[in-house]
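A quick write-up on the structure given underneath.
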Amino acid sequence: MTQESPGIGPVPEGWHPDPAGHPQLRWWDGQQWTEHVAPIPQTASTTAADGFADPLPPRQKAMTGATWAVLAITVLVVGGTGAGLWWGAASVQAEVEAEAPAVLDGFLGAATRGDTIWADYVSPQLAASAPASPLFGDNEAARLIEMTVEAHAGPLSYGTNAVLTSKTATGADTAHSVVDLTYTYTVDGERHTASATQIVWLARPFYYGDDQPAEAEDGRTPTSVGPWRVAAVDVPTPGQLGDRGLLAESTYATSTPAVTKCRLPQDALIDLAETARLRGQLGSACVNDDGRIALGDGVDPTALAVQFPTLNSQTPLTEVTSLVGSADVPAPLAEMRLAVGSDEYVFVYAATGVDGQRTSASDVRLIAISKAESR
């Protein structure tokens, strides 16, 4: 059936605001809405009908959900660790310079407010592996500590095969932006701030005559190029930072000396489990000085202590947020998700600061426990 608009008549084939209300465009083929979507480009050229720039039409080739699951594009080496980035899709605006910045802005906007549309801007693997909103974490835990997040992204650098050498998107299959994040949250009625610098990686697949995704190849003209998607979040290296500094501050500080068991959120959670097992109560050396923890609705600390599972360094633990700390400095905020009894809980840890700086002397403190929200 042809789509109608009051006073306008049939809507022509093309890109139009997504009828689901998401901040993106969706392709109308003249008869129905398709699976093809595109970010809203921030360019000077706009259509008179809807006020949006007109991206290129989608590649006329069916791409099923199963295809998304098996397509592979490249392996990035980020900060010395290998991160496999896998996905594929029909390109909607492969060479539009505004595409990658729009994807980055869309991701940061959604991922710093806990909006579920962040998944529209990331690779399927990143979406599937994240138990909550990247950079923001669990919405109930964020509500409990009245958390807000601000993100300030630097310019995108582009390149091929993970070597970033250009400032133009043309021909590039990878890109990154150095992003400053500032968190504001409440502990025992007092507002605190914590900040960190992260690097956000984007990538896209190139196609050369078939459906097999590949890296960009010099001297070859692709038949099509897949969409940019956020693929990873990591700690920037000194070379990636350039002449700018690493933002790593926290106004949250306690007088309790740092101890090994409070070095990282994983260690602190193991200590919490050990105390629960040995003493039958929810306590830890990694609790803030006054010993008080913000508890979400339905959290019974006594019942939680009785059911708390035994944990050790080999136990796989789920960190909810995508904030990344270094080997020497913990992330400013971390949320550990753990099944206890029949429920899942989120344990929120804040990194301490020494004169406002998170350093190798910083450790973490448990500040809140909430029941986890399901995605």
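Only the coordinates and a few stated rules stand behind these numbers; no lab work does. Please read all numbers here as calculations on a predicted model, not as lab measurements. Note that we place each Cβ from the backbone using ideal geometry, even for glycine, and neighbour counts take in every protein chain shown.
Figures for the structure shown
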{"quantity": "Residues Thr254, Thr321, sorted so that the one with the fewest Cβ neighbours within 10 Å comes first", "calculated": "Thr254, Thr321"}
{"quantity": "Contour minus Cα-Cα distance for Arg220 and Val354 (0.36 nm per residue)", "calculated": "42.9 nm"}
{"quantity": "Two-site label geometry, Asp210 and Arg292: point separation in nm, points 7 Å out along Cα→Cβ", "calculated": "6.5"}
{"quantity": "Amide proton proximity set for Val340, modelled H, under 5 Å, gap of 5+", "calculated": "Tyr345"}
{"quantity": "GluC sites (Glu not before Pro) lying in DSSP loop within the stretch 115-176, provided at most 13 other Cβ fall within 10 Å", "calculated": "Glu146"}
{"quantity": "Signed unit charges on C-beta, dipole axis of the stretch 260-371, positive-most listed residue Thr321, Ser362, Pro309", "calculated": "Pro309"}
{"quantity": "Sites matching trypsin sites (Lys or Arg not before Pro) across the stretch 197-305 that sit in DSSP coil, with at most 14 neighbouring C-beta atoms within 10 Å", "calculated": "Arg220, Arg244, Arg292"}
{"quantity": "His152, His192 arranged by Cβ crowding within 10 Å, fewest neighbours leading", "calculated": "His152, His192"}
{"quantity": "Shape of the stretch 221-363, Cα gyration tensor, a/c cut at 1.5", "calculated": "oblate"}
